[in-house]
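Structure, as structure tokens:
The values are calculated or read from the model by the stated rules, or taken from the named source; none is laboratory data. None of the values given here were measured: they were computed from a predicted structure. In this analysis, Cβ positions are derived from the backbone assuming ideal geometry, glycine residues included, and neighbour counts consider all displayed protein chains. Note: accessible area is taken over every heavy atom of the protein model, side chains too, but ligands, DNA and RNA are not part of it. Shrake-Rupley method; radii C 1.70, N 1.55, O 1.52, S 1.80 Å.
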Amino acid sequence: MAYVIKDTCISCGACAAECPMGAISEGDGQYVIDAGKCIDCGACAGACPVGAPCEG
Ligand code: SF4
Ligand code: SF4
């Protein structure tokens, strides 16, 4: 399962900078994870100030 970003995301961009797969991009109102690229490493969850990325 890929990680997903909840709607509590404040679009700070910290997770995108940490993702080794380049799977995270800025979406409409929040950042989004490309499930086809995510390898479930959890780096995004560790970088997020509001705990928005979680295991899908
Ligand atoms: Fe990227 Fe890892 Fe987060 Fe998946 S779990 S989106 S690979 S940082
Ligand atoms: Fe959103 Fe958290 Fe990523 Fe920042 S680190 S863009 S708040 S999911």
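Each row is one residue, and each column tells you yes or no for (1) at negative phi; (2) of a type in the set (D, E); (3) within 6 Å of ligand 2 (Cβ to nearest atom).
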{"residue": "I5", "(1), (2), (3)": "yes, no, yes"}
{"residue": "C9", "(1), (2), (3)": "yes, no, yes"}
{"residue": "G13", "(1), (2), (3)": "no, no, yes"}
{"residue": "C19", "(1), (2), (3)": "yes, no, no"}
{"residue": "C38", "(1), (2), (3)": "yes, no, no"}
{"residue": "A47", "(1), (2), (3)": "yes, no, yes"}
{"residue": "V50", "(1), (2), (3)": "yes, no, yes"}
* Pair list, Cβ under 6 Å, 6 or more apart: region 12-27 residue open to solvent by 30 Å² or more (accessible area, probe 1.4 Å) and assigned to a helix (DSSP H, G or I), other residue more than 6 Å from ligand 1 (Cβ to nearest atom) and of a type outside the set (S, T, Y) -> A14/A47; E18/A47
* To do: Being open to solvent by less than 70 Å² (accessible area, probe 1.4 Å), in a loop (DSSP other than H, G, I, E, B), out of contact with any helix residue (DSSP H, G or I) (no Cβ under 7 Å at 6 or more places or on another chain) and not basic (K, R) narrows it down to one of V32, V50, so name that one.
  => V50
